[in-house]
Amino acid sequence: MVKLLLAHQKAKAVGPQDSEDQATRGHSYQCSLQQKMEKMARVTTALGSNTISGCTMFCHLDAPANAISVCRDAAQVVVAGRNIFKIYALEEEQFVEKLNLRVGRKPSLNFSCADVMWHQMDENLLATAATNGAVVTWNLGKPSRNKQDQLFTEHKRTVNKVCFHPTEVYMLLSGSQDGYMKCFDLRKKGSASTFSGQSESVRDVQFSIRDYFTFAASFENGNVQLWDIRRPDRYERMFTAHNGPVFCCDWHPEDRGWLATGGRDKMVKVWDITTNRAKEIHCVQTIASVARVKWRPERKYHLATCSMMVDHNIYVWDVRRPFIPFATFEEHKDVTTGIVWRHLHDPGFLLSGSKDSTLYQHKFKDASRPVDKANPEGLCFGLFGDLAFAAKESLISGGGDSNRKPYGGGGDRRYPIFFFKKPDLTEQFAHVSSALSVFETDLESSRMDWFVKTARRYLLSGKPFGELCDHNAKVAKELNRPQVATTWTMLRIMYSDPGSLTTATGISKGGSIPLMNSFNMKEIAAGGLGSEGRLDRAKGETRQDSTHLDPGNSLLNNNDENEETEGSEGPADYLFGDAELEDDDLYPMENENATAEEAEYILPQEAFPLRHEIMDNPSVPEHLQDKVDSPHVSGNEAETVCLTPIKSFSLISISQPLYESHLPASFFSPVVREMLQHYAEAGDVQMAVSVLIVLGDRIRKEVDEVTQEHWYTSYIDLLQRFKLWNVSNEVIKLSTSSAINCLNQTSTTLHINCSNCKRPMSNKGWICDRCHQCASICAVCHHVVKGLFVWCQGCSHGGHLEHIMNWLKSSSHCPAGCGHLCEYT
Amino acid sequence: MNVSPESIASPSSYQICNNCQKVLRKKEKGMRIPRPLTSGPSAFIPEKEILEATPVDMHTNLLLLVGDYSSSGQLNHLTQVMGLHPQYLESFLRCQFYLLRIDGPLPQHYRHYIAIMAAARHQCSFLVNMHVHEFLQIGMCLEWLNGLDFAPQRLRNLNEINKILAHRPWLITKEHIQKLVKTGENSWSLAELVHAVVLLAHFHALASFVFGSGINPEVDADASNRFQDVSVNNFCVCDLANDNNLEDSLLPGMMDSVSELEALMDRMKRLQEEEEEASQEEMATRFEKEKEESLLVTSGAFEDEIVPVSNVSRFVSDPAFGYQDFARRGEDNLPTFRAQEFSWNDHGFSLVNRLYSDIGHMLDEKFRTVSNLTYYNMATHEDIDTTMLRRALFNYVHCMFGIKYDDYDYGEVNQLLERSLKVFIKTVTCYPERTTRRMYDSYWRQFRHSEKVHVNLLLMEARMQAELLYALRAITHYMT
């Protein structure tokens, strides 16, 4: 029966409200300076709002841009970079180059700009920060071609940022790599005051838009400092904002307590600094380090970011919805280096400069909205066959209702609504209401019990091949998986053939099968040299002996197995060995000596490939299976596999129907490979891997490494999901792929702390190097425990596993005498 | 080391390295060869000095540190010498541990093999032996140790960028990256490639340190294993210790070295105080001048390009590919790498950390430690701000690799670094295998050995960063 469970989350969809004007909302300010600033802001609004129009457009620059800035009236933009310093006019449909400020035949490094800022009060005033540490101001009103006004070379290292005071015409602030910030009074020759961050390089400085005297500085070591411009001796406040450099910060244009910071740790954080301790109120995780952050005008919760590396897009985020960008601009082909909103009070246009030497104006309406493309559907399988499915409600309620109803009866249980978000009307995010359905299954077919049981009970090594197959076949049969069971049995027959000696007659058919050619030749050769052949056989035995030992060895030592398998055990070798062994002439002799040589005959059956073709005749396997099984089991009773009885048996009874054909094991390899692939494709990677392990070298070379690795990793992953750690470990150990094998060799460190001084113990597990105390002493024998230490979780006393076990047999109290009644389970 | 000239001519079991051949040749001319100083961890630094510099409690601390981060838990010669600066050693070991042992894109044996490949480029038998040993301990794919030809194609593909990064990192382009990443079957994923590149840069730079500090080969107790036999015992005994201080008498005596130190401190003070404004043009030409001058700073004696025969060479293909000056006269100058365009902090870190998580933090800490490491003293003088000197060393290395800082006055380099030091720097960073004791001894005669090791650390990190910057910039170009 399938139960259907539903949880609803409803929210009203809210569309974008681009027309709303929030700028003129009333705010109360404490000091007159701020009122003055507010007035300024209004004036600019009045100036600009009528004139701004345009479309998404771009122009090619001659060189990569490092920074851009707009003029107050939003009609011009300045682009600065290492090899470019130009002013463009923003026209309706295009950028028009107005002025090239890079003059002179051999421009000096003072023109190599890291940052540029256009004064928001004086449209003739620009400032640039040069990579060589110079701060330069430019006066566009100058009549000469060279507009350079003043040059300050007080910084020792690259200046990362310049910032004009939002209302004061003559005040310019700079932040440099040398760790200093300087405030310049443009009426004077030098700096008015110097601020030392006392930490590392300054990455960004920003005057507060609302507080006349405050500015924020961000540092390479992750700190953000707030300063009062009147007090150069020390910062007002400092907090650690990011892990690693803070590349940028931006004051909220409306809310004076909000500061957004972006860092190398790929985060954008919004801080409320009105409280005593700066409080992180929003955090957006992006996919690359954040190079610039700019609040979007008129939208309280929106900010734009661009990245310094790898990611070329510009994102506009709603900080309340940190998981998916509100809008994305994807035009640039290289990293975006500068972003600026075109006008202080117009949220509709964003300008950006990039390393790809282009300057863009993005119209907000043209932005792509990742939300629209996002798939609000989610589907997930539980470990035990449950299925959870979340989708847009509209989708589900549409056609789904009729389907759902029938299951809605009896056992249906409604899951609690575990998330519910009150729709916020101011949020301009497309709201998605989705329904979550959970389907539980009782169907035997989709239960995964069989997987767990099979994994636990399968034997993959440690016994001869035949037994492994039989065992696994039995397991499969018990779990009601006849096909798998049959496969195991067939594998056993294919690769471990007791009837191998029937090859003699194979000659007649040999010609028709290409593989047989070489085989025949050798056989004849061996036949001709009877006595030598015997010697060869002995050789073959020893070799196969080592094959037999292989699975056992591999448990102990993977490397051994590796070496072994690298060696001489290819399929060709099998063929060769077979040819000698199956020599017809030799057979009688063997039989005679059988008793005498019995000790040597602890050969696994696996060493003898089958000589007949089963796959053509579907009825044969069943028949064969039964027959082969019975003698085999009897032969196994003595724990060691004695070949002789089986041989004689198969000669007499089994070999008859199989006379038609004689095939080496390698003949089956393609079939088995297909079979493995079939199982893997059908989702039973367990079978594929188990067979791969059990067959070992017989099949390993047939399947390419990558596929094998893939199977192994999938199976191991599944096992670990089911918490079958032991099985997964065994599989890892038994795998012959080095990539899988080394899984066991990683993350093997176990860190322990000293029980005395609580410091990590480094050298040895039982003695602390720092306090020179033995950390783990057995409560029974009072000696140091160097191996397994067992302790009571109640009183934390313990000791040698064995000692504690013995102690608790006779006493129920703790051996340490603490009076605790320890339990040993 | 009384090897008779006859034994050189006959194919002896000893392999004689380039240096020795030269020494021996000189010997033939009837010169006296001094016995190399080979006991202790370093051939350049008296063992006594190292032991004295690390008091007992610090020594145990070191042991603890090493125990945490190395497989053997023993102090090898390298860590002993580096232990002169325990603060740095810790971040170094943590980074190396992360590179070699913690889960990462590459399997363990690959990592050691890459280390071997990188060290072999500079014929650094110390590192090669160390990692051959580690490789043996892993016990996989042992046949690779027979040489580069036995390694899988995928690793052999790496050889191209190995040799470029080792000798002329400025030549690496996105095409090289593309070749590695898009070759079908034997391709590297970007994450693997970044891991490999960091490993390569790390071990190239470490080879510089090993040679620059004259680290002696380990005398391994268990010489029982095959490879140790081949690599250690059969290796030229002299190794690094040999030095051509044949002309010892020609060197200026100790008398003027005191005044040398005074003069250096004087210049530092002057530079700190003076507000001299160099014109823009002059600033621009100073870098060029320094770059050009680095051409002339060569160790002269090695004009002949004999490819050394040593048994690390089996890990090297195209051994003739060596260092060439970045600024070669008469040729088209390669574009200067602008540090402001691609810096470690802004760009390198983000990229490397993105593709191989957390390594960025490790490297960042290492670079930071080395650039902030100071004891506020110079030789016998205390309470001195050495920032300027450290920066000059760091930037001079980058200058030789063609990396320019706009905000640095390269005139400082000229004022602070004397010629013998420049020779040492150039040798250690560009062809460390040619470092000799004489070079090490001839600069800063007044300074302590620990201070010279400090110089080596700076050189090593500067070189590593330069290599990384070039490689990562190529990867960035490939990605965009």
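Bear in mind these aren't lab numbers, they're just calculated from the coordinates by the rules spelled out. Just so it is clear, the structure is predicted and the values come from calculations on it, not from any experiment. Cβ placement follows ideal geometry from the backbone for every residue including glycine, while neighbour counts extend to all protein chains displayed.
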Check: With a 10 Å Cβ neighbour count serving as the proxy for reagent exposure, in which order, fewest first, do B:Phe150, A:Phe111 appear?
Finding: B:Phe150, A:Phe111
Check: Which value in nm describes the separation of the simple spin-label points at A:Asn806 and A:Phe239, placed 7 Å from the Cα toward the beta carbon?
Finding: 6.2 nm
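In peptide A:304-310, how many Cβ atoms from other protein chains are near each Cβ within 10 Å, on average?
4
Between B:Gln137 and A:Leu379, what is the FRET efficiency for a Förster distance of 60 Å, r being their Cβ-Cβ separation, to the nearest 0.05?
Numbers: r = 46 Å, r/R0 = 0.77.
Efficiency at R0 = 60 Å is approximately 0.85.
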Check: Would you list A:Thr286, A:Thr336 from fewest to most Cβ contacts within 10 Å?
Finding: A:Thr286, A:Thr336
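Quote the FRET efficiency, to the nearest 0.05, computed for B:Tyr375 versus B:Ile102 with a Förster distance R0 of 22 Å and r equal to the Cβ-Cβ distance. Before the final figure, lay out each step's value.
Values: r = 31 Å, r/R0 = 1.42.
Computed FRET efficiency for B:Tyr375 and B:Ile102 comes out at 0.10.
If you add up the charges near B:His477, with Lys and Arg at +1 and Asp and Glu at -1, over every other residue whose beta carbon is less than 15 angstrom from its beta carbon, what do you get? Working shown, then result.
Details: positive: A:Lys333, A:Lys355, B:Lys174, B:Lys179, B:Lys182, B:Arg338, B:Arg473; negative: A:Asp334, A:Asp356, B:Glu175, B:Glu341.
Taking every other residue near B:His477 into account, the sum is +3.
Averaged over peptide A:125-135, how many Cβ atoms belonging to another chain are found within 10 Å of each residue's Cβ? Kindly include the intermediate steps, with their values, before the conclusion.
Working: counts 0, 0, 0, 0, 0, 3, 7, 9, 4, 3, 0.
Average neighbour count from other chains, rounded to a whole number: 2.
Decide, for segment B:410-454, between rounded, prolate and oblate: order the square roots of the alpha carbon gyration tensor eigenvalues as a ≥ b ≥ c, take rounded if a/c falls under 1.5, and otherwise choose prolate if a/b is larger than b/c, else oblate. Can you show the working numbers first?
Values: a/c = 1.88, a/b = 1.15, b/c = 1.63.
It is oblate, given that a/c is not under 1.5 and a/b is not larger than b/c.
Once you average over the residues of B:363-373, how many Cβ atoms of partner chains fall within 10 Å of each Cβ? Before the final figure, lay out each step's value.
Values: counts 0, 3, 0, 0, 0, 3, 0, 0, 0, 1, 0.
Across the residues of B:363-373, the mean count of other-chain Cβ atoms within 10 Å is 1.
Could you rank the peptides B:162-170, B:120-128, B:88-96 by their average count of other C-beta atoms within 10 Å per residue, with the highest value first?
Values: B:162-170: 22.7, B:120-128: 25.8, B:88-96: 20.9.
Highest to lowest by the protection proxy: B:120-128, B:162-170, B:88-96.
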Next item on the list: Please give, to one decimal in nm, the separation of the simple spin-label points placed at A:His710 and A:Asp372, each 7 Å out from Cα toward the Cβ.
Entry: 3.7 nm
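Calculate, for A:Lys333 and B:Glu160, the FRET efficiency according to 1/(1 + (r/R0)^6) with r their C-beta to C-beta distance and R0 30 Å; round to the nearest 0.05. Write out the running numbers ahead of the final one.
On the way: r = 28 Å, r/R0 = 0.93.
About 0.60, to the nearest 0.05.
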Item checked: Simple label model, 7 Å out from Cα along Cβ direction - A:Lys701 to A:Arg721, nm -> 3.5 nm
